[in-house]
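The next block holds one structure in the form of structure tokens; read it before the comments.
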Amino acid sequence: MHGQTDEPRSPFVLAEGTRPEDAARVCREALSVLRPALHTASLDAYSDEPWPSDVAGSYELAVALGEAAAPERFRRDPRMGIAIDVHDDIQFGVLRELAPYAIYAECQRGERVLLSAADTGTSLWFALTEAEHGRLLARLDGLGIPQAVTAAPPGRRSRWRWPASWGFQPRP
């Protein structure tokens, strides 16, 4: 099955300036491409913006899933940390519909995070094999979305250091 190997993965993020509607499509398509490689997923059924009307049914299903199987620590709020069965078509559909708008959604293969969506659609990070990346780009092309909407994450900034003229250096 595609995506089942532990091939090297490259990280991707949304390119700066990506339109919100394109960001939602990229998230959904990345989830679809990654699905065969995923073992687990979780979702918070919260958004900082009103949920789009076309995902209302998925939101209701997510809340029902959360109420039915809320982990003990979330019993007071079953909309937090909803476990999604990525092998169940209905539950995966809920994830695919809500992740682009949720404050948090995460998908893993074993201990490794393969997709993280957060901040109500403004933050998306995912890791793809070369083959998965090719499939994602083909899917985006089919939707008329330019390849430039995904980018390698910016490099890590070098660690800020106290100027020597300040007279002391903190311990590392």
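The values are calculated or read from the model by the stated rules, or taken from the named source; none is laboratory data. This one's a predicted model, so the numbers in the text were calculated from it and none came from an experiment. Note that each Cβ is placed from the backbone with ideal geometry, even for glycine, and that neighbours are counted across all protein chains shown. Each accessible area value is taken on the protein alone, full model and side chains, heavy atoms only, with ligands, DNA and RNA left out. Shrake-Rupley method; radii C 1.70, N 1.55, O 1.52, S 1.80 Å.
Structure notes:
- Modelled label positions at residue 7 and residue 77, each set 7 Å beyond Cα in the direction of Cβ, lie 3.9 nm from each other.
- The share of alpha-carbon pairs in region 19-134 lying farther apart than 21 Å comes to 31%.
- For residue 114, the residues whose modelled amide H falls within less than 5 Å of its own, excluding neighbours fewer than 5 places apart on the same chain, are 107, 108, 109.
- Computed extension gain for residue 16 through residue 119, at 0.36 nm per residue and net of the alpha carbon distance, reaches 35.6 nm.
- Whole-Hz Karplus values for region 22-35 come out as 6, 4, 4, 5, 4, 4, 5, 5, 4, 4, 4, 5, 7, 3 Hz, taken residue by residue from phi with 6.51 cos²θ - 1.76 cosθ + 1.60 and θ = phi - 60°; glycine and proline positions read x.
- 5 angstrom amide H check on residue 150, placed H, neighbours 5+ away: 15
- The relative contact order of region 51-128, computed from alpha carbon pairs under 8 Å that lie at least 6 residues apart in sequence, is 20 percent.
- Karplus-derived HN-Hα couplings along region 38-45 (A = 6.51, B = -1.76, C = 1.60, θ = phi - 60°), whole Hz, x at Gly and Pro: 7, 9, 9, 8, 9, 8, 9, 7
- For region 56-65, Karplus couplings with θ = phi - 60° (6.51, -1.76, 1.60), whole Hz, Gly/Pro x: 4, x, 5, 4, 4, 5, 5, 5, 5, 4
- Of the residues 96, 76, 25, 19, the one with the largest accessible area comes first in the ranking 76, 19, 25, 96, computed with a 1.4 Å probe on protein heavy atoms.
- Approximate spin-label separation residue 89-residue 112, in nm, with each point projected 7 Å along Cα-to-Cβ: 2.9
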